[in-house]
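The values are calculated or read from the model by the stated rules, or taken from the named source; none is laboratory data. This is a predicted model, so every value here is computed, not measured. Note that we place each Cβ from the backbone using ideal geometry, even for glycine, and neighbour counts take in every protein chain shown.
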Amino acid sequence: MAADVSLFSIFMDGVFIRNFLLIQFLGLCSFVGVTKDTKSAAGMSGAVIFVMTMASVVSFLLYTFVLVPLDLMFLKLISFIVVIAALVQLVEFVVRKNLPSLYHSLGIYLPLITTNCAVLGAVLLNVMSEYSFIQSVVFGFSAGLGYTIVMLMMSGIRERVTLMNVPSAMKGLPHAFLIASMLAMAFVNYFKVIPL
Amino acid sequence: MSNVFNEYMRGITKDNPIFGLVLGLCPTLAVTTSVENAIGMSAGTAFVLICSNIMVSALRKQIPASVRLPIFILIIATFVSIVEMVMEAYTPALYNALGVFIPLIVVNCIIIGRAEAYANRNGVFDSFIDALGVSSGFLLVLVLIGGIREMFGTGQIEVFGHLLFTIPMMNPATYMILSPGAFLTIGTLMAIVNYRRAKKLERGE
């Protein structure tokens, strides 16, 4: 079904047209929670790109070679969650062992990726769009890249507006949402720019 | 009796999932393109929340503290799978409109948040009332946001085939049912809630 879609259009689709944060609203908790400074936004995005790509690989193999032959498709939700939780644990072990400084700067955000709907969303969208192995991996990676771009833009903007004199009721989250609304206006228009 | 009622109202006012606890933002913004989708989504979430709260509080003495989160997630994922299959079979149009957000109820922070913060410490009946209150708060907010976006985005509100009202507009602002409108609506509503809270504090209530 999705065999004729080129890898380039899947890539553009993941990064811009179906951008996870601004168009599909996946992973908003980290979007409003971690974008207060650029450094943690960048660390979080790196971890999400890695987990998303790996989860696409593992979940594709699990779905195609275990769940479909055994006719256990209704278990996909439960098994994908377990896969993602295990991957996050693995990433946590590796980072703690080899890069202790990065581990400390990421802090709580690393385990929180398990409940980040962006990762589970990417995996489920892969299954729903019936992507092949390569297509799933490209989509997982590009979705993570789109996430990173928006996280970096948002944290850059929020760092600059913290000292702005906004009405007290607008401080914090409401202000962040209005900024996101303007960013989303730009992303909505990619629908027309890049025909699929 | 008034105690039970207060417990119920707490989920709508003070512990309102969206404006009080700021949890579960993804479905709130993604599915509120119309009132109909908002109702469908909150019905699904309410079913999962009530069932998982009852289940968790009934099993809270048996669940070991160290592995409680994976167990909560498994309990929730089971009920979400039920909702997904029932919706696919009986309301296919709604199922297609909500798409990936039905399976994503499983990572909705509201549900695991209530399981961890409330159901794990309280009895079955209290947890049921808590789940009922929180789901009602969720429903109200979703319908409010969906109503605002549908009204300005399409110029009319239509619920399950009944046209509630139309507003005479030359060009409906399609912008409102696209993603920027969602951010704009929730940002504005949150600012209004903050403003009212600040006013209340000033009056010393």
* Criterion: under 21 Å from A:Asn126 (Cα atoms), free of Cβ contacts under 8 Å to residues at least 60 places away in the same chain, out of contact with any Gly (no Cβ under 6 Å at 6 or more places or on another chain) and more than 10 Å from chain A (Cβ to nearest Cβ) - qualifying residue of B:Glu88, B:Glu116 -> B:Glu88
* To do: Hand me the list of helices (runs of 4 or more DSSP H) wholly inside the range B:1-113 holding 1 or more residues that are over 17 Å from A:Cys29 (Cβ atoms) and under 11 Å from the mean Cα position of the chain (by Cα).
  => B:2-12, B:35-58
* To do: Considering only residues that are more than 24 Å from A:Ile23 (Cβ to Cβ) and part of a helix (DSSP H, G or I), look in the range A:104-136 and name the one that is nearest to the other protein chains (Cβ to nearest Cβ).
  => A:Pro111
* For the range A:39-51, state whether one or more residues are of a type in the set (S, T, N, Q), more than 13 Å from every other protein chain (Cβ to nearest Cβ), surrounded by fewer than 16 Cβ atoms within 10 Å (Cβ to Cβ) and more than 17 Å from A:Ser142 (Cα to Cα). => no
* To do: Please verify whether the range B:101-114 includes one or more residues that are buried (at least 18 other Cβ atoms within 10 Å of the Cβ) and farther than 21 Å from A:Ala85 by Cα.
  => no
* Structure fact -> Cβ pairs under 7 Å, 6+ apart or interchain, first in the range A:173-189 and within 7 Å of chain B (Cβ to nearest Cβ), second surrounded by fewer than 19 Cβ atoms within 10 Å (Cβ to Cβ), ordered by first then second residue, are A:Leu173/A:Val32; A:Leu173/B:Val22
* Asked: Residues in the range A:89-103: is at least one closer than 18 Å to B:Ile73 by Cβ, in contact with a Pro (Cβ under 9 Å, 6 or more places away or on another chain) and assigned to a helix (DSSP H, G or I)?
  -> yes
* Structure fact -> Those helices (runs of 4 or more DSSP H) completely within the range A:5-72 that have 2 or more residues that are under 10 Å from the mean Cα position of the chain (by Cα) and modelled with pLDDT of 85 or more are A:38-62
* Structure fact -> Filter the range B:150-180 for residues that are closer than 20 Å to B:Ala97 by Cα and among the aliphatic types (A, V, I, L, M); the one that is farthest from the other protein chains (Cβ to nearest Cβ) is B:Leu163
* To do: Look at B:Ala46 and say whether it is of a type in the set (Gly, Ala, Ser), at pLDDT 90 or above and out of contact with any Phe, Trp or Tyr (no Cβ under 8 Å at 6 or more places or on another chain).
  => no
